[in-house]
Amino acid sequence: MRCPRCNNTDERYFYKGSKGIYCRKCIRFKRTMLMEELESEDYEVNKEASEFELNFRLTEKQKEVSNRVNETIDNRNVLLHCVCGAGKTELVVETISRYLKDGKKVCYAISRKEVVKDLFYRFRKIFKDAKIVALYGGHVKEKSGDLIICTTHQLYRYYKTFDLLVLDEVDAFPLKGNETLLNIAKNSCKGHIIYSTATVDDLLRKEIAKEDYEEIELLFRPGMKPIIVPDVYYLPKFLIYPVLVVLMKKEKNRCIIFVPSKKMCRYLYLVLKNFFDVTYAYSDLEERDGNIESFRRGEHQYIISTSVLERGVTFLDIDVIIIDSIKGVFDESSLVQMTGRVGRNFKNPYGKAIILSSHFSKDISACRKSLERANYELSLLR
Amino acid sequence: MNCLYCDEEIKKIRFAALLNGEDKLCIKCREGMIKRHEKFLVEDMEVETFYDYDSFFRSLLLQYKECYDEALKDVFLYEIKDYLKFRYRGYRILYVPSTKRKNEERGFEHLRGIFSDLGMEEVKGLAMKNELVQEGRNRKEREEMTINYIYNGNMIDKVLIVDDVFTTGSSLKGVYSAIKPFTKRVKAVCLSKKTLA
């Protein structure tokens, strides 16, 4: 027995209900009967939608990678490994455009709702004639268009539909270590998949290696400037907050302060708002979008945030302070992503990132190591 | 055995498992269902609710009702089954009807799935005039829907109306006003109650 949607074969997860046997492994995506024949979504793609326009020119390195992706994807899957801020999105635009030109179905899937919204506007500027559809929780009415941008959780709505699926940030929650979701994503695509990520670990390679794939790397940002490597201060827990205050006093730029839990985010905001110009954001907060937007406009100097701002967002000229006081919350990929928020301005690719940690962890050293490796490769080029 | 909701292995069992039998949820999930026993009147009918309709209970109920996960049907009454059996002995049970379309899609009636374990005799003959869905409607619209039920059946002594979530009470009121002329005593049980946030 095998679930047609999530490929589960473990018999413990099959339950016999009054309508027949169904799979409980992927039950949160609505029930799939075992005998059910899933249908692929059928819609037409407008071939004129393929014209695109980037508002900057790709560097030579970027062009080379973009071409390589374009050549490889017809025959094999691609694992696109780029550092933060290298322009992963722009690298696949050419490939997407070529597929659209042939009238094939393309989907860009990413883990977070905010990023889907953000990408929706970005792609609307790039593909001006295309009808772009964004799908995320609470916004699912329209399912067909020329280019579909959705959260990974919405992929269950499509079965063997896409000719090209770009799966962004495979290293992050919720895709990381979630076999069910990855299988659903794989099943939504009948062609090939571009996995794009900033950190690659063995688990991911193993997961992807079930099918033939090629790894393509781009370890430099377009400005060819070294990536910022975080400074790490190991402190006892009670010293973290005084040190944080001192650092904030010294800070001249705008700054994101990452904390490991929502509760800490709330408490820290309640204390710090009396002394600093500060706002906050976490996933359940109602005024979250407003707070982030006001920080983006520069109305506040600091924002305290959980991992909601960890990836997919771009602020210009900021610094980052990461408080890593709970074990096992921030792993390597999230640390890399958080430091990756720094120096995203093309004209001013500098800034600083500081990790305040209460314990020694492998993830911090792995994060530093991977960033240093990228910088080393850059230094070889010069 | 693994927990039906969070899929973790169940290593410890509670003392209550000796009385109630094997629990299909793990301790953590079971404690996630926050117990709040309340009794109050709707019009002049006594209503009893047992749980808080918080985010956890909501997701549990949605997995059962909207994702059609029939395996969860024994989970809800696990703690209160014996109490209900004792307190409402002699009553006949009446499920608040749900739309036909939904039932066909599900393949089962969700309330019958939960409450059929009580072994009470069922009242038949209650129907909806129009197939309306309550979810997403406001209080005023819901109150207009109370005249939506119609009963044609025999006289019954004691009736227990059961439902899953108590929000404004309008569906209970509707069923109550339809069944009232045919009975001597009516009471109601809802699994959970939505409190104002």
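The values are calculated or read from the model by the stated rules, or taken from the named source; none is laboratory data. In this text the structure is predicted, and so the values were computed from the model without any measurement. FYI the Cβ positions are ideal-geometry reconstructions off the backbone, even for glycines, and counts take in every protein chain you see. Note: accessible area is taken over every heavy atom of the protein model, side chains too, but ligands, DNA and RNA are not part of it. Shrake-Rupley method; radii C 1.70, N 1.55, O 1.52, S 1.80 Å.
A few comments on the model shown:
- Pick from the range A:330-349, criterion assigned to a loop (DSSP other than H, G, I, E, B) and closer than 19 Å to A:Lys369 by Cα, ranking: most open to solvent (accessible area, probe 1.4 Å): A:Asp331
- Checked against the criterion of being out of contact with any Lys or Arg (no Cβ under 9 Å at 6 or more places or on another chain), within 17 Å of B:Asp74 (Cα to Cα), not in a strand (DSSP E or B) and not aromatic (Phe, Trp, Tyr), the candidates B:Leu111, B:Leu132 yield just one match: B:Leu111.
- Of the helices (runs of 4 or more DSSP H) lying entirely inside the range A:49-121, the ones with 2 or more residues being under 25 Å from A:Val200 (Cβ atoms), open to solvent by less than 60 Å² (accessible area, probe 1.4 Å) and in contact with an Asp or Glu (Cβ under 9 Å, 6 or more places away or on another chain) are found at A:60-72, A:88-91.
- Set side by side, the residues B:Lys140, B:Lys129, B:Lys124 differ, and just one is more than 21 Å from B:Ile156 (Cα to Cα), open to solvent by 50 Å² or more (accessible area, probe 1.4 Å) and in contact (Cβ under 8 Å) with a residue 12 or more places away in the chain, which is B:Lys129.
- Each residue in the range A:142-159 was checked for being touching an Asp or Glu at 6+ places or on another chain (Cβ under 9 Å) and part of a loop (DSSP other than H, G, I, E, B), and 5 pass.
- Residues being in contact with a strand residue (DSSP E or B) (Cβ under 6 Å, 6 or more places away or on another chain), among the hydroxyl-bearing types (Ser, Thr, Tyr) and farther than 19 Å from B:Lys173 by Cα - total across the range B:22-72: 2
- Residue within the range A:85-96 that is β-branched (Val, Ile, Thr) and touching a Gly at 6+ places or on another chain (Cβ under 8 Å) present: no
- B:Lys73 passes every criterion in (1) open to solvent by 40 Å² or more (accessible area, probe 1.4 Å); (2) touching a residue at least 40 places away in the same chain (Cβ under 8 Å); (3) on the phi < 0 side of the Ramachandran plot; (4) more than 14 Å from chain A (Cβ to nearest Cβ) apart from (4).
- Residue in the range A:113-122 that is more than 17 Å from A:Tyr43 (Cβ to Cβ) and among the acidic types (Asp, Glu) present: yes
- Among (1) outside any strand (DSSP E or B); (2) closer than 27 Å to A:Leu181 by Cα; (3) open to solvent by 60 Å² or more (accessible area, probe 1.4 Å) - the single one A:Glu207 does not satisfy: (3)
- Residue selected from the range A:210-249 under the condition assigned to a loop (DSSP other than H, G, I, E, B) and among the β-branched types (Val, Ile, Thr), by the criterion nearest to A:Phe360 (Cα to Cα): A:Val229
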